[in-house]
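Peer 1: After the structure tokens below, expect a handful of questions from me.
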Amino acid sequence: MPDRYLVVGHPVAHSKSPFIHAAFARQTGQSLSYDRLDLAPDDFESGLADFFALGGAGCNITVPYKERAAGFANRLTERAAFAGAVNTLWLGDEGLVGDNTDGVGLVRDLKRHLALRDRRVLLLGAGGAARGVLAPLLAEQPAQLVIANRSADKAAALAELAAGLGRVESCAYEALDGDFDLVINATSASLAGETLPLPEALFSQGGLAYDMMYGQAPTAFLRQAEQLGAAVRLDGLGMLVEQAAEAFRLWRGVQPDTAPVLLALRDSLG
Ligand SMILES: NC(=O)c1ccc[n+]([C@@H]2O[C@H](COP(=O)([O-])OP(=O)(O)OC[C@H]3O[C@@H](n4cnc5c(N)ncnc54)[C@H](OP(=O)(O)O)[C@@H]3O)[C@@H](O)[C@H]2O)c1
């Protein structure tokens, strides 16, 4: 029987992870199955325990369970401990290991378009996604990383958490000043089609706008970024494929080629 993997969330029917991992498995000749599992909030821990007790090899965790999964793992990797959230689990020698591959996924996708070293970076949002990518972004040694959030106190708390990792500061949207080479939207405002209160002169010449959200059409943030003069605009589909590739590498010991899978996934969105 092939090794079994899952993506666990609530809801999870929309997840593209089965498509991505099936493509990785075909490409690398790995024998595995990968399904979706929707667990209601009361069943999350028991459902996961059952899956691993019955021989499951590993799983991805998506909204709204990434923080709860961090509490469920027996051991966290350093990056998962910093993120306070887990999106990848597997059974290791010392029990369940929890990792977070979102940050490395974002950075790998970004680096296809822009070297991050010495750049001025603005991170919008201070929720789980922002926290998950903060350490890998700072590891690239940007000249400056500013976190802006609707609730400015949350941005300040995140900046304080990351203070030892690089040049990081925080502010409210109204206090944004100066221009940035890269602006990353890690808020969920685009989900509701909402734009953010951003100033006119936000992007430097050639500046890149990145929305972690993705879809068939440009997101509200990417449309706003176009009006603000962002030269390059990318959605989070590449991050999704890259975080999956890192999970696949951890599970199977093989690095898949992400480019053809991203193209196929983009096609499948229409
Ligand atoms: N591409 C990928 O692989 C990937 C991976 C992870 C996440 N994501 C995406 O990242 C986004 C954020 O996820 P999350 O888990 O961080 O969510 P979260 O923990 O709920 O945080 C939401 C963030 O969005 C802000 N926000 C929400 N609505 C807003 C609005 N109308 N105006 C301004 N700010 C608003 C919140 O600000 P307050 O603190 O003020 O409430 C908070 O900073 C989602 O769209 C998710 O799909 C993508």
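Peer 1: About the Cα centre, and with charges only on the beta carbon of Lys, Arg (+1) and Asp, Glu (-1), how big is the dipole of segment 103-235? Nearest 20 debye, please. Could you put the intermediate results ahead of the total?
Peer 2: Values: 12 positive and 15 negative charges, 85 e Å.
Value, rounded to 20: 400 debye.
Peer 1: Continuing with the same structure: Rounded, prolate or oblate, given the Cα gyration tensor of segment 153-270, with a/c below 1.5 counting as rounded? Working shown, then result.
Peer 2: On the way: a/c = 2.14, a/b = 1.35, b/c = 1.59.
It comes out oblate by the Cα gyration axes.
Peer 1: Could I ask something else about it? So if I take the alpha carbon set of the chain, get Rg, then get Rh from the Kirkwood formula, what is the Rg over Rh ratio? It would help to have the intermediate numbers written out before the result.
Peer 2: Details: Rg = 18.4 Å, Rh = 19.1 Å.
When Rh is taken as the Kirkwood radius, the ratio is 0.97.
Peer 1: Now a separate question. Once both labels are modelled 7 Å past Cα along the beta-carbon direction, what's the His14-Glu174 spacing in nm?
Peer 2: Using points 7 Å along Cα→Cβ, the separation is 3.2 nm.
Peer 1: In segment 109-209, if the dipole is taken from +1 on Lys/Arg beta carbons and -1 on Asp/Glu beta carbons about the Cα centre, which of Gly125, Ala162, Leu191 is farthest to the positive end?
Peer 2: So the residue we want is Ala162.
Peer 1: Right, next: If every alpha-carbon in segment 42-191 counts as one equal scatterer, what log10 I(q)/I(0) does Debye give at q = 0.11, 0.17, 0.19, 0.20 1/Å?
Peer 2: The computed values of log10 I(q)/I(0) come out as -0.46, -0.94, -1.09, -1.17.
Peer 1: Between Gln141 and Val254, what's the calculated FRET efficiency when r is the beta-carbon distance and R0 is 25 Å? Round to 0.05.
Peer 2: Numbers: r = 29 Å, r/R0 = 1.18.
Between Gln141 and Val254 the formula returns 0.25.
Peer 1: Where a Cα-Cα gap under 24 Å defines reach, which lysines qualify for Lys154, not counting those fewer than 8 residues away within the same chain?
Peer 2: Within the straight-line cut-off, Lys154 pairs with Lys66.
Peer 1: What's the FRET efficiency of Asp50 with Ala192 using the Cβ-Cβ distance as r and R₀ = 30 Å, to the nearest 0.05?
Peer 2: Efficiency for this residue pair is about 0.30.
Peer 1: Moving on to the next point. Compute the distance from the alpha-carbon center of segment 217-261 to that of segment 142-209, in whole Å.
Peer 2: Segment 217-261 and segment 142-209 have Cα centres separated by 19 Å.
Peer 1: Quick one: compute the contact order of the chain, relative version, from alpha carbon pairs under 8 angstrom and 6+ residues apart, as a percent. Write out the running numbers ahead of the final one.
Peer 2: Numbers: 537 pairs, mean separation 42.1, N = 270.
Relative contact order here is 16 percent.
Peer 1: Measure off 7 Å from each Cα along the Cα-to-Cβ vector at Gln205 and Leu91, then give the distance between these two points in nanometres to one decimal.
Peer 2: My value for the distance between the label points is 5.9 nm.
Peer 1: Now for a separate question. Simple spin-label model, 7 Å along Cα-to-Cβ: Asp43 to Glu226 in nm?
Peer 2: 4.2 nm
Peer 1: Still on this model: Only helical DSSP H runs with n ≥ 4 go in: add -39500 (n - 2.57) per run for the chain, normalise by residue count and round the 222 nm mean residue ellipticity to 500 deg cm²/dmol. Display every interim value, and only then the final one.
Peer 2: On the way: 10 runs with 103 residues, N = 270.
Calculated at 222 nm, the ellipticity per residue is -11500 deg cm²/dmol.
Peer 1: Next up: Which order do peptides 184-197, 41-54 fall in by mean Cβ count within 10 Å, highest first? The partial results should precede the final answer.
Peer 2: Details: 184-197: 17.8, 41-54: 13.6.
Put in order of decreasing packing, that is 184-197, 41-54.
Peer 1: Round to the nearest 10 and give me the degree value, 0 to 90, for the angle of helix 128-139's Cα axis relative to the longest principal axis of the chain.
Peer 2: That helix lies at roughly 70 degrees to the long axis.
Peer 1: Ranked by Cβ crowding within 10 angstrom, fewest neighbours first, how are His14, His113 ordered?
Peer 2: Values: His14 8, His113 12.
Neighbour counts put them in this order, fewest first: His14, His113.
None of the figures in this text is laboratory data; all of them are computed from the coordinates on show. Keep in mind that what you see is a predicted model, and the values were worked out from it rather than measured. Every residue, glycine among them, receives a Cβ derived from its backbone with ideal geometry; neighbour counts consider all protein chains shown.
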